[in-house]
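What follows is a short report on a single structure.
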Amino acid sequence: MLLLDVGNSRCKWARVENGAWSHHGAIDNAECAALQRDFAAMSPPARIIVSNVAGEEMAQRLRALCAAFPATPEFIAARSEQCGVSNSYDTPASLGSDRWAVLIAAWRRIRRACLVVNCGTATTVDALSDTGEFLGGLILPGITLMQQSLLHSTAQLADVKGRLQDFPHNTADAIYSGVMRATQGAIQQQYALLKGSETAACILSGGAADQIEPLLGMPVLRVDNLVLEGLQIIGEASA
């Protein structure tokens, strides 16, 4: 199988052979045509499983990218139930395919109440119950996106990197500290709401995980490429 996780900014991929990843990588969405070189070096995959949240234009680019393979890309969508996870969203299919894959991967790893945090362009904070029910979750701008929003939308803010401070004494530190505390607070609040069970866990993934993990003050399981893990589980379950 070939797995493709296309987010808002980057495309991550993995080739699965006999249940294990033989190759994997990541590239900015704007440069995804360069993947043709990597894919040309592989034997044709029997299946191509895709999570795409970057829109229809990107979906068409992916189809063109994989046109040399006999397999047609299979774009996953959230369902009412799949791989042990049930979906409580008002309209189950409207849940992002990346969030659905992450929940499935988290449930396979934990199989108990769990907060699943993915820190990318957006930060998603989703909750699973002890029975594998997706209870709901939050979406907030990612750390970089929050900073950029302030810098681009507000006059007289310097585009400089700040530091985390309890009581910042300059604007750069005030912006960075505000962004970090907002993200920290959202995660901690949702964990407190979930923690009716003493066994509740927290899984943390995504490119900004290194920045936020030290602030959480709770046991955290770090897992890279959680969307790709979920895609593999979905693909193997539907083989």
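Nothing in this text is a laboratory measurement; each read-out follows from the coordinates by a stated rule. Just so you know, these numbers come straight off a predicted model, no measurement behind them. We place every Cβ from the backbone using ideal geometry, glycine too, and count neighbours over all the protein chains shown.
Report ³J(HN,Hα) in whole Hz for each residue of region 214-222, in order, from the Karplus equation J = 6.51 cos²θ - 1.76 cosθ + 1.60 where θ = phi - 60°; Gly and Pro get x.
x, 8, 7, x, 8, x, 10, 9, 8
Please rank Ile212, Ile48, fewest neighbouring Cβ atoms within 10 Å first, as an exposure proxy.
Ile212, Ile48
What net charge is computed for the residues neighbouring Gly207, neighbours being all others with C-beta under 14 Å from the C-beta of Gly207, Lys and Arg scored +1, Asp and Glu -1? Please list the in-between numbers first.
Details: positive: Arg10, Lys12, Arg222; negative: Asp5, Asp28, Asp98, Asp210, Glu213, Asp224.
Computed value for this residue: -3.
Please give the charge dipole size of the chain, origin at the Cα centre, charges +1 on K and R Cβ atoms and -1 on D and E Cβ atoms. Round to the nearest 20 debye. It would help to have the intermediate numbers written out before the result.
Numbers: 18 positive and 23 negative charges, 41 e Å.
Charge dipole, the chain, about its Cα centre: 200 debye, nearest 20.
How many times 2.2 N^0.38 Å is the alpha carbon radius of gyration of region 106-239?
With N residues counted in region 106-239, Rg over 2.2 N^0.38 Å equals 1.17.
Using only Cα atoms, what is the ratio of the radius of gyration of region 2-75 to 2.2 N^0.38 Å?
Ratio of Cα Rg to 2.2 N^0.38 Å: 0.99.
Rounded to the nearest 500, what is the chain's calculated 222 nm mean residue ellipticity when only DSSP H runs of at least 4 contribute -39500 (n - 2.57) each, over all residues?
So the calculated ellipticity at 222 nm is -10500 deg cm²/dmol.
Check Leu135: other-chain or 5+ apart residues with amide H under 5 Å from its amide H, H built from backbone geometry?
The list, which skips near neighbours in sequence, is Ala127, Leu128, Ser129.
Once the other residues with Cβ under 13 Å from the Cβ of Glu133 are scored (Lys, Arg +1; Asp, Glu -1), what is the net sum?
-1
Using modelled backbone amide H atoms (1.01 Å from N, in-plane), which distant-in-sequence or interchain residues come within less than 5 Å of Ala122's amide H?
Gly142
Nearest 0.05, what FRET efficiency do Lys161 and Ala59 give at R0 = 35 Å with Cβ-Cβ as r? If you can, show how the numbers build up before the last one.
Values: r = 35 Å, r/R0 = 1.00.
Calculated value: 0.50.
Residue separation times 0.36 nm, minus the C-alpha to C-alpha distance between Ile139 and Glu31: what's the value?
Value of the extension gain: 36.2 nm.
What list of ³J(HN,Hα) couplings, whole Hz, do you get for region 15-25 from phi and the Karplus terms 6.51, -1.76, 1.60, once you set θ to phi - 60° and write x for glycine and proline?
9, 10, 10, 6, x, 10, 7, 9, 9, 7, x
Debye sum, Cα scatterers, the chain, no solvent: what log₁₀ I/I(0) at q = 0.08, 0.10 1/Å?
-0.33, -0.51
In debye, nearest 20, what is the charge dipole magnitude of region 2-75 about its Cα centre with +1 on Lys and Arg Cβ and -1 on Asp and Glu Cβ, if you could check?
So the magnitude is around 120 debye.
Quick check for me: using +1 on Lys/Arg Cβ and -1 on Asp/Glu Cβ, what's the dipole size of region 111-224 about its Cα centre, in debye to the nearest 20?
40 debye
For a label point 7 Å from the Cα of Ala68 along Cα→C-beta, name the residues of region 23-59 whose backbone N is under 14 Å from it.
33-45
Counting only Cα, what are the radius of gyration and maximum Cα-Cα distance Dmax of region 21-163, in Å?
18.3, 54
With contacts defined as alpha carbon pairs under 8 Å and 6 or more residues apart, what's the relative contact order of region 111-224 in percent?
Relative contact order of region 111-224: 28 percent.
Would you please put 1-12, 24-35 in order of how densely packed they are, using the mean number of other Cβ atoms within 10 angstrom per residue and starting with the highest?
1-12, 24-35
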